[in-house]
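One structure below.
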Amino acid sequence: MTSEALKFEIRDKVLSIVGKDTPEEKELKAFDLLVRDIGKAYRAELLSKEDLKELAMSFCDDFLNNTMQGFGLLKPYGYAGDFMMIDKIYTQWESGIPKYKIWDEYFHNHAAPKAVRNRKKYFKKVFSNLASQTNDELHILNVASGPARDLLEIMEMAHVKDIPVFATCVDIDDNAIQYASKLLKPYEQKVSLVHKNMFFFSPEYKYDLVWSAGLFDYFNDRMFRIGLSKMKKWVSPGGTIIVGNFNKENNPSRDYMEIFGEWFLYHRTKDELIKLALDAGFERENICVSSEEENVNLFLHIKMPA
């Protein structure tokens, strides 16, 4: 079969499912298999990126303007994984149009959105462990903070437990900063919001925890190493750097993300993350890698010597 014939065959299958007002579970499972087949064809170079774009746009405009999948594909803020997409994942947003609700449920039940929600839980667990080890003030830096809902929940925890926490959020997108400022309004005296590229950020003091869950898997290896090297200067003695990265060995949602969201990331293994940290000048005994419950998001931990 020629690549053109394959594209038309796949498009017909996509349209047969997309055309359903309310697809049944068996049809959504068939769509999962279809996504997998499209991914295989792309990796075998039987389909181009342009072909993928055409297939992704098989969904009607009304669908694209009123669903999570459509939001991811249309990218109203100009880039994949923007702050609003992340917050919609955090809050499990669903369309108010009944026939599209099942598609949003389908989206949120994918492994990758679950992993994104889990990394918020992971951040809160890290904070709880850190808070249990000290009675002093805690200073947190959230790099590429996006909507900052994760930090909001940490500040709420700190308020209830009367833990003195001060935080800085850095994001290159001013829309994200403005959105976060509204969410974090109750804690504006304890949170600084900085609109800046992390590579041009120079903090006035050091932090107990430097956290960046969703930035470094947009970086190639060179930029990853440079970013880690900069972070080294931002951490207090005994403090910790934690960087998230999608797992090369386990992301069942990867084809769906790339084909129907044009969301391309640098997936990495545990060993690759460790090597990048070593290359950035950190000592092996201070490096470890963990993951959230889905094992889709990995977390590189680097503990600074006291």
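Every residue in segment 227-239 that is under 20 Å from the mean Cα position of the chain (by Cα) and either in contact (Cβ under 8 Å) with a residue 40 or more places away in the chain or closer than 12 Å to residue 303 by Cα (or both), please. Working first, answer last.
Of the residues in segment 227-239, the ones under 20 Å from the mean Cα position of the chain (by Cα) are 227-228, 231.
Selection gives 228, 231.
Residues that are surrounded by fewer than 17 Cβ atoms within 10 Å (Cβ to Cβ): list the helices (runs of 4 or more DSSP H) wholly contained in segment 1-83 that include at least 2 such residues. Steps first, answer last, please.
Numbers: elements: 3-18, 25-43, 49-56, 61-64, 68-74.
Helices (runs of 4 or more DSSP H) meeting the threshold: 3-18, 25-43, 49-56, 61-64.
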Within segment 209-218, the residues that are hydroxyl-bearing (Ser, Thr, Tyr) and part of a strand (DSSP E or B) are 212
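Could you look through segment 204-221, keep only residues that are over 20 Å from the mean Cα position of the chain (by Cα) and at pLDDT 95 or above, and pick out the one that is least open to solvent (accessible area, probe 1.4 Å)? Steps first, please.
Pass one, segment 204-221, residues over 20 Å from the mean Cα position of the chain (by Cα): 204-208.
In the following step, the residues that additionally are at pLDDT 95 or above were identified as 206-208.
Working: 206: 97, 207: 7, 208: 41 Å².
Residue satisfying both the conditions and the ranking: 207.
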Of all helices (runs of 4 or more DSSP H) fully inside segment 219-306, the set with 1 or more residues that are of a type outside the set (Lys, Arg) and in contact with a Cys (Cβ under 9 Å, 6 or more places away or on another chain) is 270-279
Here the residues within segment 270-304 that are surrounded by fewer than 15 Cβ atoms within 10 Å (Cβ to Cβ) and closer than 23 Å to residue 124 by Cα are 286, 290, 293
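Looking at segment 175-203 only, could you name the residues that are open to solvent by 70 Å² or more (accessible area, probe 1.4 Å) and more than 27 Å from residue 282 (Cβ to Cβ)?
175, 178, 182, 185, 186, 188, 189, 190, 195
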How many residues of segment 192-215 are without any contact (Cβ under 8 Å) to a residue 60 or more places away in the chain, of a type in the set (A, V, I, L, M, F, W, C) and out of contact with any Cys (no Cβ under 9 Å at 6 or more places or on another chain)? The answer is 4
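The values are calculated or read from the model by the stated rules, or taken from the named source; none is laboratory data. Keep in mind that this is a model prediction, so the values were computed, not measured. Heads up, the Cβs are rebuilt from the backbone with ideal geometry, glycines too, and the neighbour counts pull from every protein chain shown. These accessible areas exclude ligands, DNA and RNA; they are computed on the full protein's heavy atoms, side chains included. Shrake-Rupley method; radii C 1.70, N 1.55, O 1.52, S 1.80 Å.
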